[in-house]
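Here's the structure we're looking at; comments come further down.
Every number here is computed from the coordinates shown, using simple stated rules; none is lab data. Owing to the predicted nature of the structure, the values given are computational and were not obtained by experimental measurement. Ideal geometry is used to build each Cβ from the backbone, glycine not excepted, and the neighbour counts take in all protein chains shown.
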Amino acid sequence: MRYSRIPDEPIRRLPIYLRGLLLASEQGQKNISSNNLADFVGVYPWQIRKDFSYFGDFGTRGVGYNVGKLAKEIKKILKLNISQKAALVGVGNLGMAILAFPGFGIYGLDIAAAFDVNPKKIGRKINNLTIENFSKLGTIKKRKIKLAVMAIPRKAAQETADVLVKAGVRGILNFSPCYLVVPKKVKVITIDIAMDMARLPYYMPAS
């Protein structure tokens with residue numbers, strides 16, 4: 001099912017709710033109320049109910065949500081009910097950390113290929129993944145990889161994005177501090193750690 005005209009914010013919060021449900025499941029909970037789920041994820045109960053209302057009626061009055069069933073529904077909405085493979089472009093310090101990060105598996109995401117331009121890194125094995133030459137990036141189409149993570153310098157970001165789009169990628173997680181121009185059918189999420197940190201002092205009380 002395709003969901004149209006739904007704001008980005010509810011979509012952004014769905015993985016947060018999924019993480020809370022998985023934690024609740026680990027603790028042996030079979031059912032959970034919006035109030036209890038709010039305690040897990042730090043979101044107001046009314047916001048949870050409103051977000052879920054975009055996608056259907058998942059709860060039972062007086063009982064709450066079935067943890068396993070709701071987790072399954074969210075995975076289906078996010079298309080995480082099947083394994084999603086991603087390619088990593090750039091295996092520098094940040095790229096190495098991404099490859100070592102275990103959290104992707106929680107959501108059924110798999111870094112299935114890694115690419116770099118540095119001859120000293122090409123051919124190295126990291127977590128059973130062999131780093132490939134950037135020139136082979138176009139091969140991901142044959143491997144049915146439609147997600148990509150870019151951890152490369154800003155000056156190479158747009159050119160790399162163009163190659164990824166040509167190779168059939170439909171979603172890019174971009175760690176390069178720049179705006180990428182891509183077709184409308186391609187979704188880009190940019191994470192700029194420095195920019196996000198630059199917002200923090202505004203919220204700090206004056207000393």
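When the trypsin sites (Lys or Arg not before Pro) in the stretch 1-77 are filtered for DSSP coil states and for at most 13 other beta-carbon atoms within 10 Å of their beta-carbon, the remaining sites are 2, 5, 30, 61.
The alpha carbon gyration tensor of the stretch 84-195 gives principal lengths a ≥ b ≥ c with a/c below 1.5, which makes the shape rounded. Extending 7 Å from Cα along the Cβ direction at residue 144 and again at residue 127 yields two label points whose distance is 2.2 nm.
For the stretch 49-58, putting each phi into the Karplus relation 6.51 cos²θ - 1.76 cosθ + 1.60 with θ = phi - 60° gives couplings of 5, 5, 4, 5, 5, 5, 10, x, 9, 9 Hz, in residue order, rounded to whole numbers and with x for Gly and Pro. Among beta bridges from DSSP that stay inside the chain, the antiparallel ones total about 20%.
Restricting to Cα pairs below 8 Å that are 6+ residues apart, what does the relative contact order work out to for the stretch 8-77? Please round to a whole percent.
Values: 58 pairs, mean separation 29.2, N = 70.
Answer for the stretch 8-77 is 42 percent.
Measuring nothing but how far apart in sequence close Cα pairs (under 8 Å, 6+ apart) lie, relative to its length, the chain scores a relative contact order of 13 percent. Within the set (1) 130; (2) 117; (3) 169, the number that volume of the Cα convex hull per residue in Å³ takes when calculated for this structure is listed as (3).
Equivalent ellipsoid of the stretch 1-116: semi-axes from √(5λ) of the C-alpha gyration tensor, largest first, are 29, 16, 13 Å. Figure legend: label point modelled 7 angstrom from the Cα of residue 185 along Cα→Cβ; residues of the stretch 148-174 with amide N under 13 Å from it are 165-171. The helix-based estimate of mean residue ellipticity at 222 nm for the chain, built from -39,500 (n - 2.57) per DSSP H run of four or more residues and divided by its residue count, is -11000 deg cm²/dmol to the nearest 500. Amide H contacts for residue 111 (H built 1.01 Å from N in the peptide plane; partners 5 or more residues away or on another chain; cut-off under 5 Å): 86.
Net charge dipole, the chain: roughly 860 debye, given to the nearest 20, about the Cα centre with Cβ charges of +1 for Lys and Arg and -1 for Asp and Glu.
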